[in-house]
Amino acid sequence: MSISTIIIILLVGFVAGIVSGTMGVGGGVVLIPSMIYIIGLSQKTAQGTSLALMAFPVFVIAAYNYWKEGYVDFKVVLLLLVTFVLGSYFGSKLALQLPAKMLKQIFGGFLLIVAVKFIFSK
């Protein structure tokens, strides 16, 4: 890995961390597109890398700051946790079976729907 690639990866991580800490997003909105279009990873590798990355900083460090301020509902967390774990297992199995182009189209369509909803909702 070249020094310029390492610097780009570090910058992408820093920007994604700022966006994630500020708006609660990062993996899907910043990291995955950046890893595909800037770093050059495949859709599946970008998704797997993003999931592996998010485990520690998001679930431990960022969530802790929200918890300190009283913004974490552990009843909701516990209820979501069971189905989220099951959903991520089956979702990752499905994603690995889909052709890369279809996965990229599904991902882009999802981001587009979310963007339109945010822009035009009250």
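Computed values, structure above
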| read-out | value |
| --- | --- |
| Close pairs from the stretch 43-56: first among the polar types (S, T, N, Q), partner loosely packed, with under 15 Cβ neighbours inside 10 Å and in a helix (DSSP H, G or I), Cβ under 6 Å, at least 6 apart | Q43/A100 |
| Test for T5: is it among the polar types (S, T, N, Q), at pLDDT 85 or above and either loosely packed, with under 12 Cβ neighbours inside 10 Å or part of a helix (DSSP H, G or I) (or both) | yes |
| Residue in the stretch 19-59 that is surrounded by the most Cβ atoms within 10 Å (Cβ to Cβ), counting only those that are β-branched (V, I, T) and modelled with pLDDT of 80 or more | I32 |
| Listing of helices (runs of 4 or more DSSP H) fully contained in the stretch 12-122 that carry 3 or more residues being farther than 29 Å from M1 by Cβ | 63-68, 74-97, 100-120 |
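The values are calculated or read from the model by the stated rules, or taken from the named source; none is laboratory data. Keep in mind that this is a model prediction, so the values were computed, not measured. Positions of Cβ are generated from backbone atoms using ideal geometry, with glycine treated the same way; all protein chains shown enter the neighbour counts.
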